[in-house]
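Okay, structure first, notes after.
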Amino acid sequence: MTGARIFDGDLLVVDRSIEPKHGHIVLAVVNEEYTVKRLYRRAGTIELRAENTAYPPIRFREDEELRIWGVVTGTICRFNM
């Protein structure tokens with residue numbers, strides 16, 4: 001999610017009380033694996049999109065499980081030591 005200024009080693013602040021909406025960055029569980037992506041929800045289509053062009057969007061079919069665990073509201077950057 002480098003395009004959203006979220007880098008490896010950063011800590012995420014996740015709010016589970018916020019209703020996830022189109023455009024939010026979310027912590028999601030896809031087929032039992034956690035991922036952080038931007039939620040795309042338009043015209044009956046649901047995708048999770050990376051903010052890094054090296055990763056394709058995750059598109060969902062009926063047999064796949066998607067759970068939105070929470071909405072990312074901030075990050076804490078760790079400095080290299």
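Once you keep just the Cα pairs under 8 angstrom separated by 6 or more residues, what percentage relative contact order results for segment 2-76? Each step should come with its number before you reach the end.
On the way: 137 pairs, mean separation 31.4, N = 75.
Relative contact order comes out at 42 percent.
Using the Kirkwood formula over every pair of different C-alpha atoms, what hydrodynamic radius in Å results for the chain?
Taking every pair of different Cα atoms in the chain, averaging 1/r and inverting gives 13.3 Å.
Name the residues whose placed amide hydrogens come within less than 5 Å of the amide hydrogen of TRP69, ignoring near sequence neighbours (fewer than 5 apart) on the same chain.
Here the answer is LEU27, ALA28, VAL29, since their amide H atoms fall under 5 Å of that of TRP69.
With r defined as the distance between the Cβ atoms of THR45 and ILE76 and R0 fixed at 25 Å, what FRET efficiency is calculated, to the nearest 0.05?
0.15
Return the inverse of the average 1/r over all pairs of distinct C-alpha atoms in segment 20-62, which is the Kirkwood hydrodynamic radius, in Å to one decimal.
Numbers: mean 1/r = 0.0935 Å⁻¹.
It works out to 10.7 Å.
Since every read-out is calculated from the coordinates, none of them should be taken as a lab result. Note that the structure is a prediction, hence the values are computed from the model and not measured. We place every Cβ from the backbone using ideal geometry, glycine too, and count neighbours over all the protein chains shown.
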